[in-house]
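As structure tokens, the structure follows; a few thoughts come after it.
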């Protein structure tokens, strides 16, 4: 296959690209002048080369490397199965992003009540392995067997008769974890919670009819619904946290925090740390908070806060000494670290079990061979009776030894099967989490009002402090250089 060449004019030089095998491999050479990394990345990106870049070789070109160097190459990629939520998303977030109508947030509900038999998620395309070329073209190498939806089925859910969806097994409140599995739990009610209750650990969803007061500590394996306020409390839910009125920490209680595996929704947030595996919705505003959110934060106002987002921030006004960290680079998830450790330990345990079973198999075969030899002695008329008596005793010992080996193998097998299932679930969970992060390929901030002077915005490669107010615009990340970009925002084309 002949090579193809293309010249790219740079501000102070010329970049010569040589492509082989239909862009499977691309070499680059700086033939005239010089260029910095941003200029090279912008030029090759505009030329359609957006994948498989070899960053270290881009640096070589910037530093005056003579001759051709590999610039980009095709990559073999494993794509996990696609799955679709049914009813566990927040369409109001998209409505606000398109319209800037923050009053719509009043309608937000993250309790997710479901009925038995209701579909929670469906399976889409099965996992596959592809080759992705630098210009974005993809070639299918192989399509794998579709993943069993049962791997995404959590407590009180099941797979439907068609085998393509997970459904609720009971009436209750549903949630989905950041690792993809869905679960449904029944709920219990409490009038209010205070620090005299100690640490409340709930194996169901919890609905608190009034307030959760300072010093309280509540954890639930499902959703937490507070129909009053939450003052200076430690609240953790594997699912969603919904607080009808404000969540605050007026006395700066050191243990106060909101931790949600999925989303947080409240009237307002003030002086309290927040971590959410999906979205954070504050109907009125966020004041002096440290918020980390994997997906989207949406609120009318932010003041004096640090906001870390993986995907989007949708806001009317940003005021007073606020810092925004944009992109998945800044996310830290202790649950993910724990999952990865557990997954690694399960693999080690599985390997040990496999070695154990192989050893026992070898011992069993040796014992069996010895047993055959003793039986042959008993059948041989030339063997003395005293020797046959010894052979009989040896037979009994060998049979007992074989039984012990079989029992040990059964015990190993009893462990092996559930460990294999845990590894499969763990791999699916980690794949889902990584795929979700990769889907945030255009992290951005939508400002419908004014972002004040002094607001600090940190992106993957640069940090900017506003020298003047930024009004009604979009802040994103350049897909080629990774630098922050500022542009006008048209609500009709918002995403």
Can you confirm whether region 358-371 contains a residue that is outside the structural domain of residue 281 (by TED's automatic domain parsing), part of a helix (DSSP H, G or I) and closer than 30 Å to residue 429 by Cβ? yes
Taking residue 76 as the residue in question, decide whether it is under 35 Å from the mean Cα position of the chain (by Cα) and surrounded by 16 or more Cβ atoms within 10 Å (Cβ to Cβ). no
Quick check: is even one residue across region 271-281 more than 20 Å from residue 192 (Cβ to Cβ), touching a helix residue (DSSP H, G or I) at 6+ places or on another chain (Cβ under 7 Å) and either crowded, with 24+ Cβ neighbours inside 10 Å or modelled with pLDDT of 95 or more (or both)? yes
Please tell me if residue 453 is more than 30 Å from residue 145 (Cβ to Cβ) and at pLDDT 85 or above. yes
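Residues are listed down the side, and each one gets a yes or a no for (1) within 30 Å of residue 151 (Cβ to Cβ); (2) in contact with a helix residue (DSSP H, G or I) (Cβ under 6 Å, 6 or more places away or on another chain); (3) surrounded by fewer than 18 Cβ atoms within 10 Å (Cβ to Cβ):
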{"residue": "384", "(1), (2), (3)": "no, no, yes"}
{"residue": "387", "(1), (2), (3)": "no, no, yes"}
{"residue": "397", "(1), (2), (3)": "no, no, yes"}
{"residue": "410", "(1), (2), (3)": "yes, no, yes"}
{"residue": "443", "(1), (2), (3)": "yes, no, no"}
{"residue": "460", "(1), (2), (3)": "no, yes, yes"}
{"residue": "466", "(1), (2), (3)": "no, no, yes"}
{"residue": "469", "(1), (2), (3)": "no, no, yes"}
{"residue": "486", "(1), (2), (3)": "no, no, yes"}
When (1) within 19 Å of residue 432 (Cα to Cα); (2) in contact with a helix residue (DSSP H, G or I) (Cβ under 9 Å, 6 or more places away or on another chain); (3) part of a loop (DSSP other than H, G, I, E, B) are applied to residue 78, the one that fails is (3)
Hey, can you tell me all the residues within region 175-210 that are assigned to a loop (DSSP other than H, G, I, E, B), in contact (Cβ under 8 Å) with a residue 60 or more places away in the chain and either exposed (fewer than 13 other Cβ atoms within 10 Å of the Cβ) or at negative phi (or both)? 177, 178, 179, 181
Taking region 250-281 as the region of interest, how many residues are without any contact (Cβ under 8 Å) to a residue 60 or more places away in the chain and either part of a strand (DSSP E or B) or in contact with a strand residue (DSSP E or B) (Cβ under 7 Å, 6 or more places away or on another chain) (or both)? 19
Among the residues of region 24-44, are any loosely packed, with under 13 Cβ neighbours inside 10 Å and under 25 Å from residue 129 (Cα atoms)? no
For region 25-60, which residues satisfy the criterion of being in contact with a helix residue (DSSP H, G or I) (Cβ under 6 Å, 6 or more places away or on another chain) and in a helix (DSSP H, G or I)? 37, 40, 58
Number of the exception - residue 450 against (1) under 17 Å from residue 351 (Cα atoms); (2) surrounded by fewer than 18 Cβ atoms within 10 Å (Cβ to Cβ); (3) in contact (Cβ under 8 Å) with a residue 24 or more places away in the chain: (1)
Is there a residue in region 103-117 that is farther than 22 Å from residue 278 by Cβ, without any contact (Cβ under 8 Å) to a residue 40 or more places away in the chain and touching a strand residue (DSSP E or B) at 6+ places or on another chain (Cβ under 8 Å)? no
Please enumerate the residues belonging to region 296-317 that are surrounded by fewer than 22 Cβ atoms within 10 Å (Cβ to Cβ), touching a residue at least 40 places away in the same chain (Cβ under 8 Å) and out of contact with any helix residue (DSSP H, G or I) (no Cβ under 8 Å at 6 or more places or on another chain). 317
All but one of (1) within 25 Å of the chain's Cα centre (by Cα); (2) touching a residue at least 40 places away in the same chain (Cβ under 8 Å) hold for residue 291; which doesn't? (2)
Counting only residues in region 46-73 that are farther than 24 Å from residue 137 by Cα and at pLDDT 85 or above, the one surrounded by the most Cβ atoms within 10 Å (Cβ to Cβ) is identified as 61
Report, by residue number, each residue of region 9-19 that is touching a helix residue (DSSP H, G or I) at 6+ places or on another chain (Cβ under 7 Å), in a strand (DSSP E or B) and farther than 17 Å from residue 67 by Cβ. 10
Across region 104-128, what is the total count of residues that are within 28 Å of residue 53 (Cβ to Cβ) and loosely packed, with under 14 Cβ neighbours inside 10 Å? 1
If you check 406, 353, 430, 371, which single one turns out to be more than 30 Å from residue 151 (Cα to Cα), surrounded by 13 or more Cβ atoms within 10 Å (Cβ to Cβ) and in contact with a helix residue (DSSP H, G or I) (Cβ under 8 Å, 6 or more places away or on another chain)? 371
Out of all the residues in region 444-458, is one or more assigned to a loop (DSSP other than H, G, I, E, B) and under 25 Å from residue 48 (Cβ atoms)? no
Filtering region 422-438 down to residues that are more than 8 Å from the chain's Cα centre (by Cα) and in contact (Cβ under 8 Å) with a residue 24 or more places away in the chain yields 422, 423, 424, 425, 426, 427, 428
Within 27 Å of the chain's Cα centre (by Cα) and under 30 Å from residue 35 (Cβ atoms): does that describe residue 480? yes
Consider residue 228 carefully, then state whether it is in a loop (DSSP other than H, G, I, E, B) and touching a helix residue (DSSP H, G or I) at 6+ places or on another chain (Cβ under 7 Å). no
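The values are calculated or read from the model by the stated rules, or taken from the named source; none is laboratory data. Source: prediction; values computed, not measured. Glycine gets a Cβ as well: all are built from the backbone with ideal geometry, and neighbour counts include every protein chain shown.
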